[in-house]
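Worksheet for the structure shown next.
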Amino acid sequence: EAIELAELAKRMGIKANEMIAKLMTMGVMATVNQTIDFETATLVAAEFDFEVEKASFEEDVLLQVETDNQDKGRMIKTPPVVTIMGHVDHGKTSLLDVIRKSKITSGEAGGITQHIGAYNVDTPKGGRITFLDTPGHAAFTAMRSRGAKVTDIVILVVAADDGVMPQTIEAINHSKAAGVPVVVAVNKMDKPGADPDRILRELAELDLLAEEWGGDVIFVRVSAKTGEGIDDLLEMVLLQSEVLELKANPDRNASGYVVESRLDTGRGAVATVLVKQGTLRDGDAIVCGLHSGKIRAMIDDLGNRIEEAGPSTPAEIVGLTGVPDAGDEFVAVATDKDAKQIANHRMQKQRAKELAKKSRANLEKMFENLGSEEIKELKLIVKADVQGSIEALNDSLKDLAKEEVDIKIIHSGVGTINESDVGLASVSDAIIIGFNVRPTPQIRKMAKDENVDMRFYDIIYDVINDIKAALDGMMPSTF
Ligand code: GDP
């Protein structure tokens with residue numbers, strides 16, 4: 001790997017002469033047209049507070065130079081990106097709708113919002129929030145499984161007349177696993193049977209203790225139907241985001257994530273991206289997942305053509321050679337040619353990877369790795385037919401934890417193994433234990449595709465024995 005000195009200097013925004021001078025002080029004699037190796041590039045870049053990243057392919061001469069030094073350059077505060085999660089019918093879609101409508105009535109141009117997968121809202125007090133328009137944790141997990149950390153805050157919706165339900169717990173565990181803070185929206189306050197205190201109590205039992213009860217979780221009582229509490233909810237989200245100190249540099253080359261994508265008969269591949277860093281501009285060359293392209297048009301959440309999109313701004317883009325997946329990262333690069341080259345290389349690597357069949361968490365593998373001190377924690381998801389079994393399993397499994405290896409049950413629940421469990425296992429490298437429950441063929445297939453290890457038992461003793469054997473490094477290879 002090497003890069004031309006002039007090119008490196010250009011990407012860092014300094015004069016080639018300055019770089020030559022700096023290299024000289026480091027005992028390296030170089031000329032403008034000379035190529036310098038990765039090591040030297042890293043050293044000299046560090047002198048200017050830059051970090052050099054080796055681009056992800058070997059034959060490459062494109063070194064990605066990033067101003068990741070956070071106090072370098074202009075940093076601006078960015079709006080938090082919010083995903084709404086919660087049990088089915090608790091009001092996720094209604095909340096997204098009422099929030100979106102408040103945007104229009106608050107005087108913004110246009111009239112009809114466009115569904116592009118994400119939208120911005122300006123709150124009455126002047127803050128801005130970005131909402132991901134696909135509620136629920138399926139999308140959230142799909143993105144995480146690609147390594148995308150898109151969501152900054154989760155709004156957990158719980159219906160005041162219904163209480164904590166299985167998907168409420170799933171949502172909490174997904175947020176926890178992702179390390180994303182939760183703001184609770186106690187919804188349907190207009191209903192006669194609304195009992196918000198019950199929600200506070202039930203969530204307290206799940207370690208979400210409300211501020212009003214001395215904890216640190218913000219609870220807001222709302223009604224998606226009457227609009228009660230919605231402004232308050234938005235303000236509280238902003239308050240929560242203050243703590244996170246979300247910042248980005250709008251002057252860098254743009255990068256971010258795909259939140260939605262599709263093939264449009266007229267326009268070809270269409271993707272909604274959320275810019276995380278830098279500013280994306282019409283005409284930019286980008287690499288996006290396994291695809292590349294030059295942006296031919298950008299549209300905002302109101303359907304307007306836009307020329308540029310800064311940090312936390314969602315934009316629908318047209319011009320990619322193929323349809324990327326939600327959660328894929330995009331990066332703006334210098335030229336179309338660069339973009340194509342990187343995409344081609346990724347495509348090749350992807351094929352190689354599929355051939356090699358990646359292996360993810362698998363109990364035997366995990367314990368092979370234990371010696372290497374890589375894994376200190378065995379993560380489990382426990383699903384069972386009745387609550388009693390879950391409690392019994394949780395207790396016995398926790399007792400097995402050793403000094404060297406901790407056993408962490410990241411999620412447990414009554415019911416069959418579902419998509420959410422497999423998704424969570426996949427992104428967290430956890431193993432699923434099914435006790436007196438069996439998955440559907442679809443779920444089995446999903447687990448296989450994601451290389452998630454699922455094990456089924458009918459006797460607690462067998463579960464304990466297997467895990468114990470594994471912990472002792474005596475895992476039988478088949479059973
Ligand atoms: P989701 O499945 O979580 O997206 O829930 P929806 O938004 O589809 O809402 C489920 C049902 O609850 C719908 O019939 C909504 O009209 C109703 N609903 C949602 N929020 C409220 C609310 O605040 N008050 C009342 N009374 N009904 C609501």
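What follows is calculated from the coordinates using simple rules that are stated; it is not laboratory data. Because the structure is a prediction, the values reported are computed rather than measured. Positions of Cβ are backbone-derived with ideal geometry, glycine not excepted, and every protein chain shown enters the neighbour counts.
Can you put 143, 29 in order, fewest other beta carbons within 10 Å first?
Starting with the residue having the fewest Cβ neighbours, the order is 29, 143.
When ranked by the protection proxy of mean other Cβ atoms within 10 Å per residue, highest first, what sequence do the peptides 118-125, 21-28, 416-423 form?
Averaged packing, sorted descending, gives the order 416-423, 118-125, 21-28.
For residue 379, what residues show an amide H to amide H distance below 5 Å, using hydrogens built from the backbone and excluding near sequence neighbours?
408, 431
What ranking, highest mean first, results for peptides 389-402, 254-267 when packing means the other Cβ atoms within 10 Å averaged over each residue?
254-267, 389-402
Local charge sum around residue 238 (other residues, Cβ-Cβ under 9 Å, Lys/Arg +1, Asp/Glu -1)?
Within the 9 Å Cβ shell, the charges total 0.
Can you compute the FRET efficiency between residue 77 and residue 308 using 1/(1 + (r/R0)^6), with r the Cβ-Cβ distance and R0 = 30 Å? Round to the nearest 0.05.
That pair, residue 77 with residue 308, gives E of 0.95.
Would you kindly state how much longer the chain becomes between residue 211 and residue 198 on full extension, computed as 0.36 nm times their sequence separation minus their alpha carbon distance, in nm to one decimal?
Working it through step by step, the gained length comes to 3.2 nm.
Can you work out the PRE-style zone for residue 440? Point 7 Å along Cα to Cβ, and I want the residues of the stretch 412-429 with backbone N under 16 Å.
From the stretch 412-429, the list is 415-423.
When ranked by the protection proxy of mean other Cβ atoms within 10 Å per residue, highest first, what sequence do the peptides 150-159, 228-237 form?
150-159, 228-237
Report the calculated FRET efficiency for residue 15 and residue 191 (r = Cβ-Cβ distance, R0 = 45 Å), to the nearest 0.05.
Using R0 = 45 Å, I get an efficiency of 0.10.
Report the full-extension gain for the segment residue 228 to residue 396: residue separation times 0.36 nm, less the Cα-Cα distance, to one decimal in nm.
Taking residue 228 through residue 396 to full extension adds about 55.9 nm, to one decimal.
Cross-link list 92/125; 92/191; 15/247; 379/468: which exceed 20 angstrom alpha carbon to alpha carbon?
In this structure, 92/125; 15/247 lie more than 20 Å apart at Cα.
Applying the Karplus parametrisation 6.51 cos²θ - 1.76 cosθ + 1.60 with θ = phi - 60° to the phi angles of the stretch 306-312, what ³J(HN,Hα) value in whole Hz is obtained for each residue in order, glycine and proline being reported as x?
In residue order, the calculated couplings are 10, 8, 8, 9, x, x, 6 Hz.
Non-local amide H neighbours of residue 328 (under 5 Å, H modeled in plane, Pro and chain starts lacking H): which ones?
258
Compute the separation of the alpha-carbon centres of the stretch 243-314 and the stretch 184-223 and state it in Å as a whole number.
36 Å
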